[in-house]
1. Which of the residues spanning the stretch 143-156 are in contact (Cβ under 8 Å) with a residue 60 or more places away in the chain and within 11 Å of the ligand (Cβ to nearest atom)?
2. Can you confirm whether LYS163 is more than 15 Å from the ligand (Cβ to nearest atom), in a loop (DSSP other than H, G, I, E, B) and farther than 20 Å from ALA185 by Cβ?
3. So, in the stretch 233-257, how many residues would count as being over 22 Å from ARG161 (Cα atoms) and assigned to a loop (DSSP other than H, G, I, E, B)?
4. Which members of the stretch 171-200 meet the condition of being of a type in the set (D, E, K, R) and either modelled with pLDDT under 95 or within 14 Å of LEU128 (Cα to Cα) (or both)?
5. What's the total number of residues in the stretch 104-123 that are aliphatic (A, V, I, L, M) and surrounded by fewer than 23 Cβ atoms within 10 Å (Cβ to Cβ)?
6. Could you check the stretch 184-194 and list, in sequence order, the residues that are more than 21 Å from VAL119 (Cβ to Cβ) and buried (at least 24 other Cβ atoms within 10 Å of the Cβ)?
7. Residues that are within 14 Å of the ligand (Cβ to nearest atom), at least 2 per element: which helices (runs of 4 or more DSSP H) completely within the stretch 61-138 meet that?
8. Looking at the stretch 40-60, which of its residues are crowded, with 19+ Cβ neighbours inside 10 Å, within 13 Å of the ligand (Cβ to nearest atom) and not small (Gly, Ala, Ser)?
Amino acid sequence: MSVTGAVRAVTTLRLTEMKQRGEKIAMLTSYDYSTAKIVDAAGVDVILVGDSAANVMAGYETTLPITLDNMIYHAKSVVRGVNRALVVVDLPFGTYQGNSKVALDSAIRIMKETEADAVKMEGGEEILESIERIISAGIPVMGHLGLTPQSIHKFGTYNVRAKEQAEADKLAHDAKLLEQAGCFAIVLEKIPASLAERVSESLHIPTIGIGAGRGCDGQVLVVHDMLGINKDFSPRFLRRYADLHTIMTQALENYVSDVKSRDFPNETEQY
Ligand code: KIV
């Protein structure tokens, strides 16, 4: 729901229709009101309140430390800035993996307290019971397969996943299970483009790729990465659309210099 209480223009059903007519889906992350407002007005279809907030907002090495309360705070801020896009919120690590009742409670808290439209969960068959229980309660779920950052300690690296046949077969199987369970879309992260294309073609629901090539039905990037705010992260899949790090640094240095030199504030900038 939007801040005015109206149903947003982009719905889960609309995403399926976009796939059917071959229109690509543009998705980006946001974590705060001001950015979400700009991202929404730019025409982005889906805004993800990602647990990547742990990295780009809080400075943690992994996404594991972020809490449900943290995610709810970010999601509430984003929802206040969005009128058109579908808002999806990551269920953070530890709030859905062990027990489907706990998973449902976590998803209900997100939907009730933030007024977002859907939740996203990482994993396939191993979390199916939780996904089914959340969807039965009327909460739309976006799946996430491939490189699932909440499992980084199991993987041991952020390298491309599913290059081996067994892992690729499991991923294709998991994607089918998620679709059958009622997920409305699936993020495919850092897997070979040929596999992502094959999985996308095998599903009726849209796939959203990050480092998964052109065969996906949509693309997602972390907004700080694509705007060049964060310069420490440069994987091959990341296209930078701006160099905000340089622009911000120059503006900030100019401000410091103007204050020190007594140029700011001038006569017209005071009362
Ligand atoms: O948390 C996040 O930003 C994500 C995207 C990378 C898909 O899950």
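The values are calculated or read from the model by the stated rules, or taken from the named source; none is laboratory data. Computed from a prediction, not measured in an experiment: that's the story for all the values here. As a convention, Cβ positions derive from the backbone with ideal geometry for all residues, glycine included, and neighbour counts pool all protein chains shown.
1. If the condition is that a residue be in contact (Cβ under 8 Å) with a residue 60 or more places away in the chain and within 11 Å of the ligand (Cβ to nearest atom), then GLY146, LEU147, PRO149, GLN150 are the ones that fit.
2. yes
3. Summing the residues that are over 22 Å from ARG161 (Cα atoms) and assigned to a loop (DSSP other than H, G, I, E, B) in the stretch 233-257 gives 4.
4. Correct list: ASP174, LYS176, GLU179.
5. 3
6. Of everything in the stretch 184-194, just one residue is more than 21 Å from VAL119 (Cβ to Cβ) and buried (at least 24 other Cβ atoms within 10 Å of the Cβ), namely ILE191.
7. So the answer is 68-81.
8. Correct list: VAL46, ILE47, LEU48, VAL49, ASP51, ASN55.
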